[in-house]
Each structure stands twice: as structure tokens, then as C-alpha cells.
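Before any comments, here is the structure.
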Amino acid sequence: MPAVNLHELLGQPRASEFLRGVVASDRYANAYLFHGAPGVGKGTAALAFARAILCHSTARAEAAAPGLFDAAPDAGLAAAGRPADDACGACEACAKAADLQHPDLRFLFPVSGEERQLETTVAETLAAWRGNPFFTFTYEKASSIRLSLTRELLRELAYKPFEAGRRVVVVRDADRMREDQYSAMLKSIEEPGDVTVWVLTTARLGRIPATIRSRCQGVRFSPLPEDTVIGFLEAEVGVPNREARMLAALSAGSLARALNLRDEMLEPAARGDAAALWKAATSMTRFGKAGRETLRQMVEFQQLWLRDLLRARYGAAREELVNRDREADIRRQAEHLSAEEIRRRLMVLEEMVRSIDGNITPELAFFSGMSRVAGARFGERDWPKHTTARWAY
Ligand SMILES: [Zn+2]
């Protein structure tokens, strides 16, 4: 996994500067609470901070070890070519931490499922996170940070760190805990002179008990500027500018949301998969008053795609396609749809946009529209076939 360092944190200059100052001073609070909207880089920052702490505290432990007594710890740090305020990215501690395999870097995060499968669930999540630089945690409603895992971790804290001078515990979405877990955690956080640094993240600050909040050093993460999201999508993910702009506009400053939208909206469109689009549409309605606008954007996404299909049917060159990075998909789909059918679907989408702007609930408009667009393919067995006669222009 390409690790992001503190000085590279995307669109969070204040948090980055603050955390680097902490690392440079080598004076840590017992606990930090990273708060801000979902998907703005709190988790990435927590890992970067953890890596910097482990990198430095390992170097200090080594510098202070017998045999090196003639070298002052600071000289030892400088000799390793280590930046004073960030991880070096080159030492063994950095490599292990970047791989989420450092024995002194521990995690707690919400999981769902049966108790006896927790170990597998946790291992699978860590493996997915390790292998994917754009990994975003998604949870079921009932997911929580499990008591058994919290207890196990707290027992471990009684022992010294394995390799580094300090230990870092990253608690993702710390708002998903029970009261008794907070109390147990609080004891550890309040331990004076403890070698453990807690890093809690939350997108729901109001759900963190005041007792915990008051004992943590708060670090605020802002929504990302739209240009930052666009730049990242273009440069790192390879999204064409036009899509990147649309996704960024919908993302409300959350990179994770922009990436999820890309997967949810574009992938089903590329596959011609209306059922997946419908699923995405229902999930969009959770976003309150923005839902209507989001639905309209999803329809526009689909329209762009269909117009590309139409252009492809008429033999347009690659440069004439909006989604030219998907040329192969477009040509393949275009082979299977007549121009008449593509036009019919475009008309339905046009109708949908009008319904969304009108009084009909957007969900209903979207649903009836999608089912007509997809014709027989949408939930063939589960839903009655819509009459398409009206739409056969
Ligand atoms: Zn290092």
C-alpha cells in the first residue's frame, strides 16, 4: 500500500501542520480525537500519524540502546536521515506500519457478524485495507466496535510495546461503542505516563461522550475543497475531467463519497445494469434534501452514457465520446442496442428529469423510470413488466 505521510495529507494543511508539530516535539497527549465529515482523510491521517510516532520512537529506542550510548538520541535521529516531523518511510518500522503489520500498531473498528467469526472478519477487513489505497470503510447499520475485541486489546496494553518505545491504538469510528467500553478505554487514556497513544476518529462528534472528548486532544478535519477532489480523481484515479467535476460537485468535500459515487453510478451505467443503479438511487435518498439533486445527477450520468452509445452506433471516433476511457465498453454495448432503443431510453430519462423537478417523489420517479429504461432486463421475475408501448417513439 503506498503510504501517505503527514506532510502529504490531502487538503488538510492545518491538521497536517499540527500533527507534525506534535511529532517534532516528541511530546504526545494520551489520546487524540480526529473529527470531521466522513471521507475527508481522518483515517489516512491516523495511519500517517501512527507511522511517524512508531518511526521516531523506534529510532529513539535504538539510539538509547547500549552500545550507542556515546551518540545523543537526537544525533541518532539525524543520522538516519529522518525528518524531524514525519515518518522516514525507509526504516523497518515504517514498512511494517505501512503494511498494517507493526506489532505496536493496533486497531479497533466496527464490525458486524457472529462473535465466533470476528477474527476472520477483522483479518479480511485489514487485508482489504492493506491492498487498496482507496479503501473506504463501509458498515452495516448494526456494526459496532466489539466488546470482546476491546477487552482483548486493553489486556494487551498492560505489557510493554514489542519493538517501538510507544504503542499506537487507532480506533476508527469511535462513536460506535457502548458505554462500558468507553469507561474501560477511559482508564487507559487517563493512565499518566502511559506509552500508548490513542488516536480516535469520528464523523459524529456529538455521539462521543463528553468524558472521552474532554480527555482527548481534538484535531478538526475540514471538508475537502472541490478542486482538491477533482485533482485527486483525475491524477490518482484516472477519472476524466468532466466526470471528476460531476463527482466532486456531489461529494460535499468527501473524497470517499466521490469514489463511492463513481463506483455506484458509473459502474452500473457502464454495465447497463439498471438494478444496481436502482440500489444506488435508494441509498442516495439517505442524503436528505440533497437526494433530489443527486438523483438528477445520476440520471444525467446515465444520459451521458446513452448518448455515447448512440454516437458509437453512428460510427463516432474515440475523441467524440464523453466516456472515451470506456470506449471498449461503449462499443460492446452499442452493438447490442438499436439506435431506436437507445433513443427510447433517452426519452424515458428526459421524462424522469421532469418528474424529479416536479411533484413526484424522486424515488418513485427514478424507480418507474429505471424499470422502463431497462425494459425486460430489470428484475424480470420480481417485477411486473412495464408497458413500453407508450415509450416507443
Ligand atoms: Zn521510518
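The values are calculated or read from the model by the stated rules, or taken from the named source; none is laboratory data. None of these values were measured; they are calculated from a predicted model. Glycine gets a Cβ as well: all are built from the backbone with ideal geometry, and neighbour counts include every protein chain shown.
Would a scan of the range 97-105 turn up a residue that is of a type in the set (Asp, Glu) and closer than 24 Å to Gln181 by Cα?
yes
How many residues are in a loop (DSSP other than H, G, I, E, B) and more than 32 Å from the chain's Cα centre (by Cα) when one looks only at the range 318-349?
Matching residues across the range 318-349 total 2.
If I go through the range 196-218 residue by residue, how many of them are over 25 Å from the mean Cα position of the chain (by Cα), not in a loop (DSSP other than H, G, I, E, B) and not aliphatic (A, V, I, L, M)?
Matching residues across the range 196-218 total 2.
When the residues of the range 85-114 are filtered to those that are more than 23 Å from the chain's Cα centre (by Cα) and more than 22 Å from Val195 (Cβ to Cβ), which remaining residue is nearest to the ligand (Cβ to nearest atom)?
Per the stated criteria, the residue is Ala90.
Of the residues Phe34, Phe49, which is modelled with pLDDT of 95 or more and more than 14 Å from the ligand (Cβ to nearest atom)?
Phe34
Check Glu152, Glu115 and return the single one that is surrounded by fewer than 16 Cβ atoms within 10 Å (Cβ to Cβ) and at pLDDT below 90.
Only one candidate qualifies: Glu115.
Among the residues of the range 35-44, are any touching a residue at least 40 places away in the same chain (Cβ under 8 Å) and basic (Lys, Arg)?
yes
Which numbered condition in (1) basic (Lys, Arg); (2) at pLDDT below 85; (3) in contact with a strand residue (DSSP E or B) (Cβ under 9 Å, 6 or more places away or on another chain) is the only one that Arg286 fails?
Exception for Arg286: condition (3).
Scan the range 138-195 for residues that are under 22 Å from Phe34 (Cα atoms), outside any helix (DSSP H, G or I), small (Gly, Ala, Ser) and in contact (Cβ under 8 Å) with a residue 12 or more places away in the chain and jot them down.
Selection gives Ser143, Ser144, Ala174.
Exactly one condition in (1) more than 16 Å from the ligand (Cβ to nearest atom); (2) outside any loop (DSSP other than H, G, I, E, B); (3) modelled with pLDDT under 95 is not met by His56; state its number.
(1)
Among the hydroxyl-bearing types (Ser, Thr, Tyr) and either touching a Cys at 6+ places or on another chain (Cβ under 7 Å) or buried (at least 17 other Cβ atoms within 10 Å of the Cβ) (or both): does that describe Thr138?
No; evaluated as a whole, the condition is false for this residue.
Would you please name the residue that is surrounded by the most Cβ atoms within 10 Å (Cβ to Cβ), looking only at residues in the range 255-274 that are modelled with pLDDT under 75, small (Gly, Ala, Ser) and in a helix (DSSP H, G or I)?
The qualifying residue surrounded by the most Cβ atoms within 10 Å (Cβ to Cβ) is Ala269.
For the subset of the range 302-324 comprising residues that are acidic (Asp, Glu) and touching a helix residue (DSSP H, G or I) at 6+ places or on another chain (Cβ under 9 Å), which member is modelled with the lowest pLDDT?
The selected residue is Glu320.
Checking the structure you have, find out if any residue of the range 117-137 is away from the ligand (no atom under 16 Å from the Cβ), in contact with a strand residue (DSSP E or B) (Cβ under 6 Å, 6 or more places away or on another chain) and part of a loop (DSSP other than H, G, I, E, B).
Within the range 117-137 (the criterion being away from the ligand (no atom under 16 Å from the Cβ), in contact with a strand residue (DSSP E or B) (Cβ under 6 Å, 6 or more places away or on another chain) and part of a loop (DSSP other than H, G, I, E, B)), the answer is no, since none of the residues qualifies.
Taking the stated definitions as given, is Leu77 buried (at least 16 other Cβ atoms within 10 Å of the Cβ), within 13 Å of the ligand (Cβ to nearest atom) and modelled with pLDDT under 95?
yes
Looking at Leu108, Leu126, Leu100, which one is within 29 Å of Ala59 (Cα to Cα), in contact with a Ser or Thr (Cβ under 8 Å, 6 or more places away or on another chain) and surrounded by 13 or more Cβ atoms within 10 Å (Cβ to Cβ)?
Leu108
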